[in-house]
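First the structure, in the form of structure tokens, and then the observations on it.
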Amino acid sequence: MNPLPIRKTHAFLLALLSTAAVHADTAAPGRGGGAATVDGARIAAADSEPQNWLAHGRTYGEQRYSPLARINDGNVEQLGLAWAFPTATTRGLQASPIVVDGTMYTTGTWSVVWALDAKTGRELWTYDPEVPRAWGRHLCCDAVNRGAAVWKGTVYSGTIDGRLLALDAATGKKRWEVNTIDRSKPYSITGAPRVVKGKVLIGNGGGEMGVRGYLSAYDAVTGQLAWRFYTVPGNPKDGFEHPELAEAAKTWKGEWWVGGGGGTVWDSMAYDPELDTLYVGTGNGAPWARDIRSPGGGDNLYLSSILALDPDTGRLKWHYQTTPAENWDYTATQHIVLADLALGGKTRKVLMQAPKNGFFYVLDRVTGELLSADKYAPVTWASHVDMKTGRPVESEIADYSREMRLIVPAAFGGHNWNPMAFNPKTGLVYIPAMQPMGTYPPSEEFKRTGKYSRRDMFWNPGIDWNTAIDATLDLMKQMGGTLPPDRGYLKAWDPVLKKTVWEIEHPAFWNGGLLTTAGNLLFQGTGDGRFVAYAADTGRILWALPTSVGIVAAPVTYEVDGEQYVAVMAGYGGAGALTSGDPRTMATGRYVNDGHVLAFKLGGKTAMPRIAEKDLSIPEPPALEATPAQLENGKYAYMRTCMVCHGALVVSGGVVPDLRMLNAAKHSIFKEIVYDGVIHGAGMPRLGDLLTEQDVRDIHAYVAARAAEDRAAALAAAKPAKP
């Protein structure tokens, strides 16, 4: 979900998706026995049992605040590792574990589900949904999963290939499985389900690939589809699935349905039991470029919007669009937090969000009224949000329909999926913020012909990558070989005073989600491989531990037998980790990305896992003959199909292999790997339908040339200086 400039790309792998059919397993549906006996009343009263972490954000309001205070700002320096569970993965771990009555339920790479003893880390059961590794090419941003949900003895999780699973919480045995997608289209699931009033809620990813977004609600016992809310209208000739789409269609032009439209619901949800209202964030347009997606204009509802839905029927109560006529991959799928704030002399029930576009929004969650919208990060695409209309006022550089623009933030956003947190004691919202710059070049094909095809593309942005690559290389030359670095921050934002109270800059721009507690603590993992506790009021670092593994997931906290634990999944990955930023600032640039669940407690004595250092030497590549034209084709073919995982300029972010470091054996079967897919079982898909054999030869020559170039530079730098 970001443009693919030379240094700011993320994973666009692709998906083979599915139709909605329920498959009964041998275990009969039911509400289960004693394990994970969670229901809506229990989640709504979560503060009465703070020893548990019952839902994705602990409560339905998703504040990620815990009343636990045994670990606090006065004793946190005594924190030590209680246990470590190895996940046997080297890709991204993004889940927020659920903890119920001493059992932890969490998910990992390729949608695997674990149940662990929350006191010891002992594995109770594992369920592997056996996702076909070839499905990875249908993903935007790594083979990740953000977690499970529990309800009345059942654990629910989504799979990368679009299935929703119901597992027995005690045994891990599958109760039912439902296919949530049209398998002829590139959908996926990476988000965590939520359960509200006996319905399992799940959305899908795939906006970059040209799909149409929706949110589905399934009966928690039977797996039958209860309702589905489509976020963008389809072809009017086919009729509209619900009345809201007829109104939305008035805001679209042309044949938008051909490109899918986008608006996928791939992450954020929250629920207010008192108002009986479900809040959902929607994604970017497909294609990104609005002039291609909806020629003739229009706001394109319900892209990049916050939706208030009736959880029983899926009908819309109100909506607010953060980015009308979305044009930059500025999703509103970022974390939604519910709170009560004193505003204007009275207490308001509010909803808060810091979406990608760089503005922090406070809405009345009863009516949808906009209460404030202020920049929490640098923003160049808009000057401000007009409080009378609720619309951002776009700047001159926002329009890239005729010429390339450099825009802040990039499509990574000022804040991505990594969860923020709200502490009602400090009154502060804590944001894992970023400051990335994006290159947005218009489609030369569309400028020339007025038409757009997806020639040579397996994602659907509607912008010209070749122009972006060349322009960014030119800019790098003008600036002495480097671009201004993307930056990552931890920001404490006051939603009442509408300003940053304090901030801390991180070495890496892509960092972990947040947890805050009544002990005046704020926990975060970082991309450079640390787990840190801050004073929630001042931001002062109180405790920090090197992990050697980058962290993007949000921590959780719980108690077992009177001891408080803080747990986090350590495993770098996702959009910003795959190909972006400077590998020297990331733990994956030096260490093997060896995934673990880490749990800490006061006085913990367990030794931290030993993480191996990488061999960063570049072997001598084969001498491959190629003309300048073939090398140029190899560069562009690499950028179109390989860069999103293996890095711009063939410099990997460290999550997947750096192709400069291929050994002789891999070089000898380069064509078989890329064109034929002989190692698809390891997650490297076949690309023979996207590339010709000559393309693959040219890519190989380009990769070898880049390896030779960087090997020579490294050897030269290692030579002792002449006296």
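No value in this document is a laboratory result; all are computed from the given coordinates. Computed from a predicted model, the values in this text were never measured in an experiment. Please note: Cβ atoms are built from the backbone with ideal geometry, for glycine as well, and neighbour counts cover all protein chains shown.
Charge dipole (Cα centre; +1 on Lys/Arg Cβ, -1 on Asp/Glu Cβ; no other charges) of region 213-293 amounts to roughly 460 debye. A convex hull fitted around the alpha carbon atoms of region 398-440 yields 73 Å³ per residue. I want to make sure I understand the PRE zone here: with the label point 7 angstrom from the Cα of Arg584 toward its beta carbon, which residues in region 628-672 have backbone N atoms less than 16 Å away? So the set is 651-654. The dipole here belongs to region 130-211: it is taken about the Cα centre, uses +1 on the Cβ of Lys and Arg and -1 on the Cβ of Asp and Glu, and is about 300 debye.
From most to least packed by mean Cβ count within 10 Å, the peptides 644-654, 599-609, 289-299 give 644-654, 289-299, 599-609.
A straight chain from Glu394 to Asp470 at 0.36 nm per residue would run longer than the Cα-Cα distance by 24.7 nm. At full extension, Arg610 and Glu247 could sit 125.0 nm farther apart than now, given 0.36 nm per residue minus the alpha carbon distance. Rounded to 0.05, the FRET efficiency of the Val678 and Val258 pair, given R0 = 41 Å and the Cβ-Cβ distance, is 0.75.
Output the pairs from Lys152/Lys197; Lys119/Lys174; Lys174/Lys601; Lys349/Lys499; Lys152/Lys317; Lys491/Lys601 with a Cα-Cα distance over 22 Å in this structure; if there are none, say none.
On the way: Lys152/Lys197 11 Å; Lys119/Lys174 25 Å; Lys174/Lys601 33 Å; Lys349/Lys499 20 Å; Lys152/Lys317 28 Å; Lys491/Lys601 26 Å.
Long pairs (Cα-Cα over 22 Å): Lys119/Lys174; Lys174/Lys601; Lys152/Lys317; Lys491/Lys601.
Shape of the chain from the C-alpha gyration tensor: rounded (a/c under 1.5, with a ≥ b ≥ c the square roots of its eigenvalues).
Relative to the Cα centre, the charge distribution of the chain, modelled as +1 at Lys and Arg Cβ and -1 at Asp and Glu Cβ, gives a dipole magnitude of about 300 debye.
Of Gln94, Tyr156, Val131, which is farthest towards the positive pole of region 47-181's charge dipole, taken about the Cα centre with +1 and -1 on the beta-carbons of Lys, Arg and Asp, Glu respectively? Of the candidates, Val131 comes out farthest on the positive side. Farthest toward the positive end of the dipole of the chain, out of Ala717, Ala398, Leu428, is the Cα of Ala717, where the dipole comes from beta carbon charges about the Cα centre. Per-residue ellipticity at 222 nm, computed for the chain from helices alone with -39500 (n - 2.57) per DSSP H run of at least four residues, works out to -3500 deg cm²/dmol.
Less than 13 Å Cβ to Cβ from Gly147, Lys/Arg counted +1 and Asp/Glu -1: what total charge do the surrounding residues give?
Numbers: positive: Arg58, Arg64, Arg146, Arg194; negative: Glu62, Asp267.
Once positives and negatives cancel, what remains is +2.
With a ≥ b ≥ c the root eigenvalues of the C-alpha gyration tensor of region 558-677, is it rounded (a/c under 1.5), prolate (a/b larger than b/c) or oblate?
Prolate is the answer for region 558-677, as a/c is 1.5 or above and a/b outweighs b/c.
Answer with one residue from Gly647, Thr692, Gly634: the one whose Cα lies farthest towards the positive end of the charge dipole of region 628-718, charges on Cβ with Lys, Arg +1 and Asp, Glu -1. Result: Gly647.
Once you order the gyration tensor axes a ≥ b ≥ c over the Cα atoms, which shape class does region 628-718 get: rounded for a/c under 1.5, otherwise prolate or oblate by comparing a/b with b/c? Here region 628-718 falls in the prolate category. Among the cysteines of the chain, those with no neighbouring cysteine Cβ under 4.7 Å are Cys642, Cys645. Remark: spin-label model distance Glu445-Glu274 equals 5.3 nm, labels positioned 7 Å along the Cα→Cβ axis.
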